[in-house]
Each structure stands twice: as C-alpha cells, then as structure tokens.
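The values are calculated or read from the model by the stated rules, or taken from the named source; none is laboratory data. Not measured: the values here are computed from a predicted model. Neighbour counts run over all protein chains shown; Cβ positions are idealised from the backbone, glycine included.
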Amino acid sequence: MYLEQLSLTDFRSYAQVELSLEPGVTVLVGSNGIGKTNLMEAIGYLATLSSHRVSSDAPLLRFGTERAMIRAKLVRGEQSTVLELEINSTRANRARINRSNPVRARDILGICQTVLFAPEDLALVKGDPSSRRRFLDELLVSLIPRHAATRSDYDRVLKQRNALLKSARAGKFSTGHEATLDVWDQHMARAGAELLHARLELVERLRPHLRNSYAGLTDGSKEAGAIYRSTLQGAVEDDGAVSDAGGPAEDLRLLSVDELTGRYIQAFASSRRKELERGISLVGPHRDELELVLGEAPAKGYASHGETWSMCLSLRLASYYVMLDDARTGGSAPILILDDVFAELDVQRRRKLAAIVSGAEQVLVTAAVEDDIPSELAGRRVKVIPGGIDEREDR
Ligand SMILES: Nc1ncnc2c1ncn2[C@@H]1O[C@H](COP(=O)(O)OP(=O)(O)O)[C@@H](O)[C@H]1O
Ligand SMILES: [Mg+2]
C-alpha cells in the first residue's frame with residue numbers, strides 16, 4: 001500500500017499541514033527540529049495508535065489545543081481508503097473510515113500498515129524486556145487486528161489481579177478473597193494463553209527473516225536469533241522472584257490455547273504463596289522476554305554499537321518481510337518509514353539498508369543532511385520548512 005495524502009491539524013508542531021505523496025522513495029529533508037519526525041510519527045500513529053517517542057497522547061496535541069486530527073488517503077491496489085483519526089485530550093479518541101459514522105479508534109488497526117525505523121529502536125536491543133514485548137505485540141496487532149482485544153483483555157485482568165494481590169499483601173485478605181483470586185486466575189490464564197500462543201507463532205515467523213536480514217546487513221560472520229523466554233517455564237525462586245527471563249519456550253509452541261490455559265492455571269497455583277507475599281503477578285506474558293542472540297551470546301550487554309544497530313534494523317526488516325508474506329495472502333505491503341536512521345549508520349550499513357528497502361512499494365525517509373542518504377535511494381525530495389512543506393521536484 002502507499003500513502004497518497006496526509007493532512008494534520010493541531011498535531012505536534014503543526015497547526016495545519018498537507019503532504020502529497022507518491023509510491024516509491026520520498027526523502028524529506030529539513031533541519032533538525034523542523035518537524036520531520038512529527039510527520040512520520042503521525043503516520044505511525046495511524047498504524048499502531050501509539051507513538052514511537054512518547055507513551056501518552058498528550059504531547060501529540062499541538063501545545064495549548066485539545067484535539068488533533070490525522071487524515072490520510074491510503075491506496076492499496078485499485079482501492080483507496082480515507083482514514084480520519086481524532087486524538088482528544090479529554091475524551092476517547094475516535095476514527096472514521098471512508099467518512100462513515102465515527103467508530104472506536106481501535107477499529108482502524110490493521111488498515112494502515114507501516115514499519116517504522118527510528119533512532120529509538122536502539123531500545124529494542126538495549127532497553128528492558130518491555131520494549132521487546134511491545135515490538136511483538138504491535139506487530140501482532142498489525143497482522144491480526146483482533147489481538148488488540150486480546151492485549152487489552154489481558155492488561156485489564158492483570159491490573160485487577162494485581163490490585164487484589166496488593167490488598168492481600170497489605171493484610172486486607174480473607175478467605176473470600178481467595179475465591180475471587182481463583183476467578184481472576186481463570187480469566188488471566190485464558191487471556192495470557194491467547195497472547196502467548198500468538199506471540200510464539202509470531203516469533204517463529206520472524207526468526208528466519210531476522211537471520212537473513214542480519215546476514216544481509218553484515219558480513220555474515222554471526223548469526224542473529226531470537227528466543228522467546230516464558231515465565232511459564234521459569235521456576236519461581238525462593239525469594240519469590242521468577243528467574244528473570246524464564247525458560248526458552250520451545251516446547252510451549254506446540255501447545256494449543258486450551259493447553260496453555262491449563263499450564264497457566266497450574267503455574268498460578270504453584271506461585272500463589274509467592275504472589276501473595278509479593279503482592280504482584282509473577283507469571284504471565286507481561287513478564288516474558290524476547291531474548292535476542294548474536295552468535296553464541298545475547299545481544300544485550302554483548303553486542304557492539306554497530307552490531308546493535310544491525311540487530312535493530314534486522315528486527316524491523318523481519319517485521320516487514322512477515323507483513324509481505326501476509327500481503328501475498330490478502331494483506332498489504334507495508335509503508336516503510338526510515339526516520340533519521342541514516343545519520344546513525346556507517347557508510348556500509350547505509351548502503352546495504354538502502355539497497356534492501358529501495359524496492360518497497362513506498363519508502364519515506366527523513367534526514368537533516370541530504371548527503372547522508374545513499375544514492376541507492378534515488379527518488380523524490382521534499383523540503384520541510386517551518387510549519388509546512390516546500391516541494392521541489394528538481395531531481
Ligand atoms: N505538542 C507540541 N506542540 C507544539 N510543538 C511541538 C509539540 N511537540 C513537539 N513540538 C515541536 O516540534 C519540533 C520537533 O519536531 P521534530 O519532528 O521532532 O523535528 P525533526 O525535523 O528534527 O524530526 C520541536 O520544535 C518541538 O518543540
Ligand atoms: Mg527527527
């Protein structure tokens with residue numbers, strides 16, 4: 001798919017901006033702080049309903065305003081879709097698809113497909129496990145939008161179960177509570193099993209693409225891998241801590257959602273005492289880890305700066321290829337967004353990355369310095385100027 005038109009109202013630094021785009025490569029050039037990332041962030045938000053820079057919506061609203069609008073026209077084959085998303089400070093966000101009646105924002109997930117590369121991606125390797133869980137879950141929802149509900153069900157149950165465990169820890173726990181906890185265990189086991197099942201399948205699909213992408217970006221001397229570590233496999237240690245990452249989840253992959261539900265029920269039962277002592281849920285996909293591996297060693301803590309970047313890029317490329325696999329069976333090729341990444345890379349990696357992405361249906365690249373963009377990414381140049389776009393098609 002490609003984005004043909006983007007229009008923002010009161011989004012970040014923009015009171016109003018219109019951007020017309022074409023398939024193929026477009027490079028947006030403009031000095032630092034001019035608003036390039038703001039444009040890319042808006043497109044990414046349309047795809048995931050979250051920003052790659054901030055965890056809440058508030059900073060997305062132009063300072064002093066209470067409502068931002070993102071409008072986009074997406075083209076997929078012969079079909080075009082107009083998406084409108086309203087981000088509100090005081091009430092729920094709303095969306096419209098092809099000027100229909102307003103729907104929940106969540107209902108547009110899966111329509112705009114993007115893979116966004118950004119300097120923040122370094123956290124995929126260096127950051128804590130939540131960055132990698134988020135990576136998996138966002139990709140999952142893009143591929144299978146109904147998993148947005150799986151995620152929010154799980155989060156809701158987890159929150160309520162944690163509240164109950166916390167009050168138990170504070171001593172406000174009776175035998176009646178124990179029965180309530182049993183009920184929450186059932187809910188959490190089911191929701192957790194669905195999420196775990198989906199994640200394990202996704203990791204399996206990502207793995208070969210991760211390996212190939214890493215080999216393509218580097219000299220191929222180390223192999224990149226990913227191991228999903230589940231707290232379902234981790235022994236709860238005597239101090240109540242589940243051994244940090246849990247065990248590799250290889251043999252869990254063959255289990256059905258029902259079987260995983262059963263495993264969670266068992267695990268909750270055997271960790272209940274610890275959980276009551278600690279006042280927190282110790283077992284579940286919210287504490288799992290996607291361990292990234294380079295050669296023999298984990299990437300985190302061992303990889304060099306260059307290797308870390310190659311791993312991050314490879315994860316994003318792997319997402320892109322998984323989405324492309326889906327595109328062959330009815331999905332659509334995602335829009336690639338490379339926000340300010342070339343400045344971070346050495347010349348070799350720049351050229352290899354450029355060669356890999358240049359064939360995508362649409363590639364949007366931002367850079368402060370045009371010379372950072374390798375010649376492999378020939379295409380339209382758009383100049384970003386204060387408050388808007390100055391299009392020049394002189395090359
Ligand atoms: N909510 C907001 N309201 C108004 N201005 C904002 C808001 N958020 C960010 N900005 C401004 O946007 C600019 C940063 O834009 P950005 O897209 O990150 O620049 P770059 O071109 O370097 O990628 C900064 O000047 C910042 O002050
Ligand atoms: Mg930027």
- Of the criteria (1) more than 19 Å from the chain's Cα centre (by Cα); (2) on the phi < 0 side of the Ramachandran plot, which one Ser50 fails: (1)
- Residues Leu19, Leu83, Leu61: which one is of a type outside the set (Val, Ile, Thr), touching a helix residue (DSSP H, G or I) at 6+ places or on another chain (Cβ under 9 Å) and within 16 Å of ligand 1 (Cβ to nearest atom)? Leu19
- Message: Going through Asp339, Asp390, Asp371 one at a time, which residue ends up being charged (D, E, K, R) and closer than 30 Å to Glu201 by Cβ?
- Response: Asp339
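Residue by residue, here is whether (1) closer than 30 Å to Ser152 by Cα; (2) in contact with a Pro (Cβ under 7 Å, 6 or more places away or on another chain); (3) at pLDDT 90 or above holds:
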| residue | (1), (2), (3) |
| --- | --- |
| Leu315 | yes, no, yes |
| Met323 | yes, yes, yes |
| Gly330 | yes, no, no |
| Ala333 | yes, no, yes |
| Ile337 | yes, no, yes |
| Lys352 | no, no, yes |
| Ala355 | no, no, yes |
| Glu393 | no, no, no |
- Query: When both residues are 6+ apart or on different chains and their Cβ atoms are under 7 Å apart, which pairs have a first residue that lies in region 48-63 and is within 26 Å of Arg146 (Cα to Cα), and a second that is within 9 Å of ligand 1 (Cβ to nearest atom)?
  - Reply: Ser51/Glu41; Ser51/Leu60; His52/Glu41; Arg53/Glu41; Leu60/Phe11; Leu60/Arg12; Leu60/Ala68
- Could you say whether any residue in region 299-309 is closer than 30 Å to Ile144 by Cβ, of a type in the set (Ser, Thr, Tyr) and either more than 16 Å from ligand 2 (Cβ to nearest atom) or in contact with a Pro (Cβ under 6 Å, 6 or more places away or on another chain) (or both)? yes
- Item | Every pair of residues 6+ apart whose Cβ atoms lie under 6 Å, when the first sits in region 1-18 and is assigned to a strand (DSSP E or B) while the second is crowded, with 18+ Cβ neighbours inside 10 Å and among the acidic types (Asp, Glu) | none
- Message: Just to be sure I understand the filter: pairs with C-beta atoms under 6 Å, separated by 6 or more residues or on different chains, first member in region 84-102 and closer than 16 Å to Gln5 by Cβ, second member small (Gly, Ala, Ser). Which pairs pass?
- Response: Leu85/Ala95
- Message: Looking only at region 336-354, how many residues end up being on the phi < 0 side of the Ramachandran plot and within 16 Å of ligand 1 (Cβ to nearest atom)?
- Response: 7
